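The values are calculated or read from the model by the stated rules, or taken from the named source; none is laboratory data. It should be emphasised that the depicted structure is a prediction, and the values quoted were computed from it without experimental measurement. Heads up, the Cβs are rebuilt from the backbone with ideal geometry, glycines too, and the neighbour counts pull from every protein chain shown.
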Amino acid sequence: MGGTTLEDSNGRVSNIIAVDVKASNGVIHAIDKVVLPPLP
C-alpha cells in the first residue's frame, strides 16, 4: 500500500490508518495493531 508504518521494539509493524483526528484535548493518530513494550 505504501503507507506510513510504525515499528515497535519487538519488530511488529503497524500501519497508520488515521491521523489528526480531533479530540476534546488534542488529536488522535490511529494504528491497526497494539504497540508492545520490549519483551524479555
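Side notes on the structure shown:
- Restricting segment 13-36 to residues that are in contact with a strand residue (DSSP E or B) (Cβ under 9 Å, 6 or more places away or on another chain) and part of a loop (DSSP other than H, G, I, E, B), the residue that is surrounded by the fewest Cβ atoms within 10 Å (Cβ to Cβ): VAL34
- Picking from residues in segment 1-12 that are touching a strand residue (DSSP E or B) at 6+ places or on another chain (Cβ under 6 Å) and modelled with pLDDT of 90 or more, the one that is nearest to PRO38 (Cα to Cα) is GLU7.
- Whichever residue in segment 18-40 is β-branched (Val, Ile, Thr) and within 8 Å of the chain's Cα centre (by Cα) and, among such residues, is modelled with the highest pLDDT: ILE31
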